[in-house]
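None of the figures in this text is laboratory data; all of them are computed from the coordinates on show. None of the values given here were measured: they were computed from a predicted structure. FYI the Cβ positions are ideal-geometry reconstructions off the backbone, even for glycines, and counts take in every protein chain you see.
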Amino acid sequence: MITTIVIGLIAILVALLVVSVRVVNQVERGVVFRFGKAQQEIRPPGLTFLIPVVDRMKKVNIQIVTMPVPTQEGITRDNVSVQVDAVAYFRVEEPMRAAIAVQNYLFAIEQVAQTSLRSIIGKSDLDDLLSNREELNKGLALMIDSPALGWGIHIDRVEIKDVHLPEGMKRSIARQAEAERERRARVITADGEFQAAQRLADASAIMNEAPGALQLRLLQTMVEVAAEKTSTLVMPVPVELLRFFERSANSAPVPETTEQPASSSEEEPERQPAVTNSATPELAPSGRSFDRSAAESAMKNGASRTP
């Protein structure tokens with residue numbers, strides 16, 4: 001009978017000892033409540049002993065928690081309806097506050113993240129949501145971190161993951177981007193033409209100073225055309241040849257404007273009568289000789305008829 005009692009006591013002691021021994025993992029911290037009152041000492045990782053029926057321990061995970069923030073629909077400051085989702089990274093820095101100050105810190109952080117995301121959507125423009133997310137992420141993390149500090153939780157970072165736009169707004173943004181690209185293309189083309197014109201002007205100035213450069217350029221053009229193995233080669237007239245003729249025409253002596261043309265014009269009427277006078281004496285003898293022969297023949301005919 002005594003042996004049975006001793007064995008029973010030993011079994012009870014072993015059971016109590018097993019119940020009073022707990023294991024705290026490396027990623028956890030233990031908060032002990034003794035008669036419902038939290039103990040200031042935080043139990044580190046490893047074996048920890050509790051008083052049976054008196055102590056109760058709550059484990060708090062101190063790892064970084066990745067919490068997706070559900071998609072929130074809101075209207076931006078420039079009156080565009082968007083749907084935005086995000087993700088939050090946080091961890092517990094003070095296990096005592098996380099176990100006492102808030103009932104369920106995971107649910108609390110999720111709700112604060114949703115309301116802060118809605119608030120940041122209403123304060124931002126659409127362009128900021130699409131292109132300036134760094135500042136929005138910092139502002140969102142600050143809004144969530146303010147109440148979380150009282151719960152012993154530190155917000156590492158918050159990232160806006162995706163922005164869902166209406167189909168009409170997507171088409172408008174696409175047209176805007178296309179117009180912007182077209183403007184850039186025209187500016188680049190105009191800039192290229194301006195630079196090409198400037199280079200051509202510089203080249204023409206150099207060729208004007210050195211005429212041989214134009215001849216070399218002409219020969220180079222002939223080589224490039226001949227490399228294509230064409231059957232017909234068109235040779236342009238060198239500009240230097242035209243300039244040579246122009247210089248020759250400019251260097252020819254110009255007749256002096258004197259009174260000689262007037263004298264020559266005055267002499268011409270005097271020469272014309274001389275020609276007529278010289279012609280008349282030459283024709284007169286021939287006319288007279290013709291008349292004499294006619295008269296002599298007439299006289300002979302009359303003499304022959306009179307007898």
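Return the Cα extents of the stretch 176-216 along principal axes one, two and three, sorted largest first, each rounded to a whole Å.
52, 14, 5
Can you give the charge dipole size of the stretch 133-220 about its Cα centre, rounded to the nearest 20 debye, using +1 on the beta carbon of Lys and Arg and -1 on the beta carbon of Asp and Glu?
Values: 13 positive and 14 negative charges, 55 e Å.
It comes to approximately 260 debye.
Alpha carbon centre of the stretch 135-185 versus the stretch 32-64: separation in Å?
The stretch 135-185 and the stretch 32-64 have Cα centres spaced 42 Å from each other.
Along each of its three principal axes, how wide is the spread of alpha-carbon positions in the stretch 38-77, in whole angstrom units, largest first?
In descending order, the Cα extents are 58, 20, 16 Å.
Would you please put 34-45, 73-84, 111-122 in order of how densely packed they are, using the mean number of other Cβ atoms within 10 angstrom per residue and starting with the highest?
Details: 34-45: 12.0, 73-84: 14.5, 111-122: 18.4.
Answer by packing, highest mean first, reads 111-122, 73-84, 34-45.
With charges set only on the Cβ (+1 for Lys and Arg, -1 for Asp and Glu), what does the dipole of the stretch 65-165 come to about its Cα centre, in debye to the nearest 20?
260 debye
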